[in-house]
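Single-structure report; data block below.
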Amino acid sequence: MGILMIIGLTLTGLAALLHVFIFWLESFAWSTPRARAVFGTTEAEAAATKQLALNQGFYNLFLALMVASGVVLTLSGQSAAGIALVLAGAGSMAAASLVLLCSDRSKTAAALKQGTAPAVGVVAVLLSFFI
């Protein structure tokens, strides 16, 4: 396994961990002062969007599980299935961050935080096949 693949799997694995944290914030801590500070919501907004946030949190968890499963499969020698899962999950994370960036420029920092590692990881994984 080459250095680019290792870098790609490491970055996408870190992105998966971040998305597990986002899952926790959205699904369990949504109404807390910490989560409201992270997402910039008021108590009333958090109460009104709690069900939506719960669903979105699980979406983030499922992406994280897809990437984590892909990393484990790749490292265990099941590279075709593993890389497919890593690219699908991390690619979706990167695409979602691009949607966030394009839909609300005030969320640029959040989009970069959630999208940089998976995007660079995907590029590294893909480049590992050519370099």
Residue set Lys113, Lys107; condition within 19 Å of Asn60 (Cα to Cα) and more than 10 Å from the chain's Cα centre (by Cα); output residue Lys107
Of those in segment 79-131 that are of a type in the set (Lys, Arg) and more than 15 Å from His19 (Cβ to Cβ), the residue most open to solvent (accessible area, probe 1.4 Å) is Arg105
Flagged pairs (Cβ under 8 angstrom, 6 or more apart or on separate chains; first in segment 80-105, closer than 20 Å to Ile6 by Cα; second outside any helix (DSSP H, G or I) and modelled with pLDDT of 95 or more) are Gly82/Ser76
Among residues of segment 1-39 being touching a residue at least 24 places away in the same chain (Cβ under 8 Å) and small (Gly, Ala, Ser), the residue surrounded by the most Cβ atoms within 10 Å (Cβ to Cβ) is Ala15
Quick count over segment 15-37, residues being outside any helix (DSSP H, G or I) and either within 11 Å of Leu54 (Cβ to Cβ) or not β-branched (Val, Ile, Thr) (or both), is 4
With criteria (1) open to solvent by less than 30 Å² (accessible area, probe 1.4 Å); (2) without any contact (Cβ under 8 Å) to a residue 12 or more places away in the chain, Gln51 comes up short on (1)
- Could you tell me whether any residue of segment 35-50 is at pLDDT 95 or above, under 17 Å from the mean Cα position of the chain (by Cα) and more than 17 Å from Ala110 (Cβ to Cβ)? no
Among (1) in a helix (DSSP H, G or I); (2) free of Cβ contacts under 8 Å to residues at least 24 places away in the same chain; (3) open to solvent by less than 30 Å² (accessible area, probe 1.4 Å), Leu63 falls short only on (2)
Val99 in a helix (DSSP H, G or I), more than 20 Å from Thr10 (Cβ to Cβ) and β-branched (Val, Ile, Thr): yes
Ser76: within 14 Å of Leu9 (Cα to Cα) and either open to solvent by 40 Å² or more (accessible area, probe 1.4 Å) or in contact with a Gly (Cβ under 6 Å, 6 or more places away or on another chain) (or both), yes or no? yes
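The values are calculated or read from the model by the stated rules, or taken from the named source; none is laboratory data. For clarity, every value in this text was computed on a predicted model and none was experimentally measured. With ideal geometry, Cβ positions are generated from the backbone for all residues, glycine too; neighbour counts draw on all protein chains shown. Heads up: the accessible areas ignore ligands, DNA and RNA and are worked out on the full protein's heavy atoms, side chains in. Shrake-Rupley method; radii C 1.70, N 1.55, O 1.52, S 1.80 Å.
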